[in-house]
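The values are calculated or read from the model by the stated rules, or taken from the named source; none is laboratory data. Quantities reported herein were computed from a predicted structural model and do not represent experimental measurements. Here the Cβ positions follow ideal geometry from the backbone for every residue, glycine too, while neighbour counts run over all protein chains shown. SASA here: full protein model, heavy atoms, side chains in, ligands and nucleic acids out. Shrake-Rupley method; radii C 1.70, N 1.55, O 1.52, S 1.80 Å.
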Amino acid sequence: MKKPYLELIRGAAAVIVLIYHFLELHTLSNHSDHFYFANWGTDAVIIFFILSGIVINISQTNNPKQKQDFIANRLTRLYPQLVVGLLLGLLVLYLKQSAIPSAGVIAGNFLMISAVKSYMINIVPCLASNSPIWSLSYEI
């Protein structure tokens with residue numbers, strides 16, 4: 001049973017995150033130190049994650065899957081987007097003639113560990129050309 005109101009709120013949170021990133025990029029492109037969109041982007045990501053967990057729970061409750069099927073479904077749903085996003089991010093770095101990250105950083109991003117922390121230090125940094133990718137390591 002779908003819960004349209006949950007999907008609506010989740011969609012609104014995703015739009016807020018998108019707006020947040022556009023405003024953030026606009027501020028950075030104008031070399032301004034001021035970015036007054038509070039923490040709406042972070043709050044919207046948290047709302048999106050919480051509601052995604054609820055939606056996944058409802059789906060799993062209504063249509064139970066084996067653990068390996070659930071994991072395969074998550075990977076199939078997220079990994080193609082990750083690969084496309086990383087390749088586009090690397091293409092942007094190449095076209096801008098920016099420094100290309102090391103093979104280890106690229107591999108870590110492809111393995112979705114760019115937000116994994118060890119003693120509060122990122123093990124592998126997100127690609128500068130695609131910083132929102134940190135969220136996929138949490139979503140997986």
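Between N39 and I71, the modelled labels are 3.3 nm apart [label points 7 Å from Cα along Cα→Cβ].
Just subtract the alpha-carbon distance of V84 and I9 from 0.36 nm times their residue separation and send over the number in nm, one decimal. Please report the intermediate quantities before stating the final value.
Numbers: separation 75, 0.36 × 75 = 27.00 nm, distance 2.63 nm.
Using 0.36 nm per residue and subtracting the Cα-Cα distance, I get 24.4 nm.
Annotation for segment 68-108: trypsin sites (Lys or Arg not before Pro) lying in DSSP loop with at most 16 further Cβ atoms inside 10 Å of their Cβ are K96.
Based on the Cβ-Cβ distance from S59 to L18, what FRET efficiency comes out when R0 is 30 Å, to the nearest 0.05? About 0.80, to the nearest 0.05. Accessible surface of segment 46-140, 1.4 Å probe: 66 percent of it comes from carbon and sulfur atoms.
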